[in-house]
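Trainee: Sharing a structure below in structure tokens format, with a few things to ask.
What follows is calculated from the coordinates using simple rules that are stated; it is not laboratory data. Since the model is a prediction, treat every value here as computed from it, not as a measurement. Cβ coordinates were reconstructed from backbone atoms using ideal geometry, including for glycine residues, and neighbour counts include every protein chain displayed.
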Amino acid sequence: MLASAILIVLLAADAGLRLIPYPKEAQIAEGVFAMDRPLEIAAPSDSLWLIGMQLREECRTAGWPRPRLTAVQDKGASLRIATPDAQTWPELALRENVAPEEYAIEITADTIVVQGKEPAGLFHGVQTLRQLIRANRTGNGLPRVSIRDWPCAMTWRAFQDDLTRGPSSTYEQLAREIALGAFFKFNMFTYYMEDQYQFRKHPEIGPVDGSLTPEEMKALVAHAAAHHIEILGNQQSFAHFYNILVHEEFAPLAETPHILCPVKEESYALLDDMYGEIAPLLPCPFFNVCCDETDGLGTGPSKPLADQIGVGGVYVRHINRIHDILKDKYGKRMMMWGDIIIRHPEQLPDIPKDTIMLAWCYEALDNFDKWFEPFVQAKFDFFICPGVNNWGRIVPDFRKAVLNIERFVRDGVKNGAMGAIITAWDDGARTFNAPNWHGFAWGAECAWNGSTTPVEVFNRRVGAVLFGEKDDYFGQAIEALQQAYDIPLVRDKIDDAFWTDLLGGEWKIPSAGAMRAEAAQLMGIVEKARGRLLACQAEATVNRDMLDYFLFGVARLETLARRVTDSLDAVDLYEQASRAAAEAAKPLIDRAAMLLEDMSNRHMKIESDMRSLWLRENRPYAIETWASVCRRKFVEKYARLADELRKIGTPLPVPRDIGLFVECAN
């Protein structure tokens, strides 16, 4: 089946359309359907408002008249665009025994027809039609095309927003993400939650200026349902509990500072309270309890029990307790991350068989079978969970993300995965949502088509589909930025490279010459990526603001590269001044001070831009953590050093006394 799907997609790709995910079958005929004339959109009344408004907005953006909306008293799943006086239109036949999400599109010279098996199929077809309008216009019309499309064997295609490592998306941002996910034919959205939820019974848990509210959750559920997306609930239920256990009320429930104690009944009362405020709001039949990364279990109050039944036994005992709470009280089928239980494969038979295992790995491996083989053999349903590799990075590691997503999805489809969750994580609390959308769109492509699309082809399409650009500048920018991770300066320290200062010996570098060469290489990448991103932004017709976040990542890479060279230059100038006569030393000192002042101003701009971008996507919570580090460590330090240099007398202090030195390994 996979081989035939590959053949179908490759044949469809010959049509040359810019669509994501790419349809299984697509044929282009000669001629166009003219859009610059009075038209009417006719569709069932219960779906007309959303899909009609989406299409009208695409027409407005394209510079065409917005078609009139006409409700059809029909329970079917079809949409027609034609002139008001049109009398007939093509009847589209779908395959026998089709999936609910299958759809067909027929564009002739006179009519556009979109047909779905069910409303979800119609909705997906309309998203493809929107992409045809946005990215495939022919003059003032659309090409005549015939499309048949359906998802691969995976039932669920999900993407994730981490709401609990500092950045906490606003309601408006979450609603936008859901709509954009639906545009790429995702049918599930999930979030990651530790403590940033406004629990009514335990208001001390969620920070006031950084928590999702129950009212917002209800509104998101309704918004997602209109977009044919389920919201998968999530609550960390074992480890990663530090932000809750830090409260005096919950401190007695600690196994370790970050693990909830599994031998105290109060722990399960707390989890029941938390589930009880979230699970009833979510119609989705599944709920993710996480329970990953529990290193340290069995070293606290549970140690006597662990000595008797083993750490794996303690883990499974906890899993069974929360499974029963979710199933018996809230009617949810439990999902859990699979990293801990595969360390104890002998305990798998003790996990309830209706549990859905979440296999995760974020590396660019050749094969991912080992991450889910234990679940396949034990006959558990499972999801595969690759990632966009955004965490702890100045910009996502696009190459690693592409390979990880493509190969993990490929192996998951081959082994009967129930679904895929394309994850994004905010470890480090210095990431934004917008740069994740290259990885999310790629994940949507892979999950819909079983990883049959070459990424080079995808990169030629993605800028047109996501931003409406005419060329493929965005894909070129991504291909440039992924080269940053070939440079040790970025690869070895990733985001830490930005936060580690050369001046003062904090960073022991291999040699000044090696660092200068790496900084120059990084500047070459920066200049190319920035040029492509600005060209894309100049052509963009939609989502132009998202490109500001990619450009901010480029600005941080540039700041890092310039800080390396400017720091080394300032050190060299000071050393030259130390050996020079007083008259010759002053201009050298002034030049060093100017470099430091420029470094301070550049970091001040980074801090300012970061604040602005943060508040576009997120609630205010945790912004000061990031900003204060930037201000204290770079803005204020470099300004102070510059001021000290301008006031310095003779003889000059040794470099270490004023902090104007770097540590080299050789």
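Trainee: Starting from the 7 Å offset along Cα-to-Cβ, what nm value, one decimal, do you get for the label separation of ASP46 and GLU266?
Mentor: Those two pseudo-labels are separated by 4.9 nm.
Trainee: At 222 nm, what helix-only mean residue ellipticity would the chain give, in deg cm²/dmol to the nearest 500, using -39500 (n - 2.57) for each DSSP H run of four or more?
Mentor: Estimated from H runs of four or more residues: -15000 deg cm²/dmol.
Trainee: Using +1 at the Cβ of each Lys and Arg and -1 at the Cβ of each Asp and Glu in region 587-666, identify which of ALA642, CYS630, ALA593 lies farthest towards the dipole's positive end.
Mentor: After comparing all options, I get CYS630.
Trainee: Put +1 on the Cβ of every Lys and Arg and -1 on every Asp and Glu Cβ in the chain; which of ILE229, GLY419, GLN377 then has its Cα farthest towards the positive end of the dipole?
Mentor: Projecting each Cα onto the dipole axis, the largest value belongs to ILE229.
Trainee: In a shell of Cβ-Cβ distance under 13 Å around ASP354, excluding ASP354 itself, what net charge do Lys and Arg (+1) and Asp and Glu (-1) give?
Mentor: Values: positive: LYS327, LYS332, ARG333, LYS353, LYS379; negative: ASP324, ASP328, ASP381.
Surrounding charge for ASP354 is +2.
Trainee: Let me ask something else. Spelling out what I want: for every residue of region 356-372, take phi, set θ = phi - 60°, compute 6.51 cos²θ - 1.76 cosθ + 1.60 (Karplus), and round to whole Hz; glycine and proline get x.
Mentor: 9, 8, 10, 8, 10, 6, 10, 8, 8, 7, 6, 8, 10, 4, 5, 7, 10
Trainee: I want the local charge near THR541. Using Cβ-Cβ distances under 14 Å, sum +1 for each Lys or Arg and -1 for each Asp or Glu among the other residues.
Mentor: Result for the local shell: +1.
Trainee: Provide the FRET efficiency to the nearest 0.05 for the ASP36-ALA179 pair, computing r from the beta carbons and using R0 = 25 Å.
Mentor: 0.40
Trainee: A further question follows. When only DSSP loop residues count, what GluC sites (Glu not before Pro) in region 182-220 have their Cβ near at most 13 other Cβ atoms within 10 Å?
Mentor: In loop regions of region 182-220 (DSSP not H, G, I, E or B), the sparsely surrounded GluC sites (Glu not before Pro) are GLU204.
Trainee: Could you state the number of Å between the C-alpha centres of region 565-607 and region 102-129?
Mentor: Going from one Cα centre to the other spans 64 Å.
Trainee: Rank by packing, highest mean first: peptides 123-132, 515-524, with packing defined as the count of other Cβ atoms within 10 Å averaged across residues.
Mentor: 123-132, 515-524
Trainee: When a/c reaches 1.5 or more, the comparison of a/b and b/c decides; with that in mind, is the chain rounded, prolate or oblate per its Cα gyration tensor?
Mentor: Because a/c hits 1.5 or more and a/b fails to exceed b/c, the chain counts as oblate.
Trainee: Let me ask something else. How tilted is helix 171-183 with respect to the longest principal axis of the chain? Cα atoms for both, answer in degrees (0 to 90, nearest 10).
Mentor: 50 degrees
Trainee: Taking a ≥ b ≥ c as the square roots of the eigenvalues of the Cα gyration tensor of region 478-664, is the shape rounded (a/c under 1.5), prolate (a/b larger than b/c) or oblate?
Mentor: Working: a/c = 2.23, a/b = 1.75, b/c = 1.27.
Note, shape of region 478-664 comes out prolate.
Trainee: Helix 119-135 versus the longest principal axis of the chain: what is the Cα-based angle in degrees, 0 to 90, to the nearest 10?
Mentor: Long axis of 119-135 versus the principal axis of the chain: about 60 degrees.
Trainee: Let me ask something else. What is the magnitude of the charge dipole of the chain about its Cα centre, with +1 placed on the Cβ of each Lys and Arg, -1 on the Cβ of each Asp and Glu, and no other charges, expressed in debye to the nearest 20?
Mentor: Magnitude of the dipole: close to 1060 debye.
Trainee: Roughly how big is region 156-466's charge dipole about its Cα centre, with Cβ charges of +1 (Lys, Arg) and -1 (Asp, Glu), in debye to the nearest 20?
Mentor: On the way: 28 positive and 41 negative charges, 202 e Å.
Once rounded to the nearest 20, the dipole reads 980 debye.
Trainee: Additional query: Could you put LYS218, LYS400 in order, starting from the residue whose Cβ has the fewest other Cβ atoms within 10 Å?
Mentor: Final ranking by Cβ density, sparse to dense: LYS218, LYS400.
Trainee: Could you rank the peptides 241-247, 103-109, 65-71 by their average count of other C-beta atoms within 10 Å per residue, with the highest value first?
Mentor: 103-109, 241-247, 65-71
Trainee: For the ranges 401-411, 633-643, what's the packing order if you count other beta-carbon atoms within 10 Å of each residue, average per peptide, and put the highest first?
Mentor: On the way: 401-411: 24.2, 633-643: 18.8.
Averaged packing, sorted descending, gives the order 401-411, 633-643.
Trainee: While we're here: In a shell of Cβ-Cβ distance under 13 Å around ALA109, excluding ALA109 itself, what net charge do Lys and Arg (+1) and Asp and Glu (-1) give?
Mentor: The answer is -1.
Trainee: In debye, nearest 20: dipole of region 523-666 around its Cα centre with unit charges on the Cβ of K, R (+) and D, E (-)?
Mentor: That gives a dipole near 260 debye.
Trainee: A further question follows. Could you let me know the centre-to-centre spacing of region 267-287 and region 531-548, using Cα atoms, in angstrom?
Mentor: 41 Å
Trainee: What's the angle, to the nearest 10 degrees (0 to 90), between helix 2-13's Cα axis and the longest principal axis of the chain?
Mentor: For 2-13 against the chain, the angle is about 90 degrees.
Trainee: Write down the percent of antiparallel bridges among all DSSP beta bridges whose residues are both part of the chain, to the nearest 5.
Mentor: 45 percent
Trainee: What's the center-to-center distance, using Cα atoms, between region 173-194 and region 354-419 in Å?
Mentor: Centre-to-centre distance over Cα atoms comes out at 19 Å.
Trainee: Follow-up question, since we're still on this one. Past 24 Å, Cα to Cα: identify those pairs from LYS185/LYS379; LYS24/LYS414; LYS24/LYS353; LYS117/LYS353; LYS508/LYS528; LYS201/LYS332, in the order given.
Mentor: The answer is LYS185/LYS379; LYS24/LYS353; LYS117/LYS353; LYS508/LYS528.
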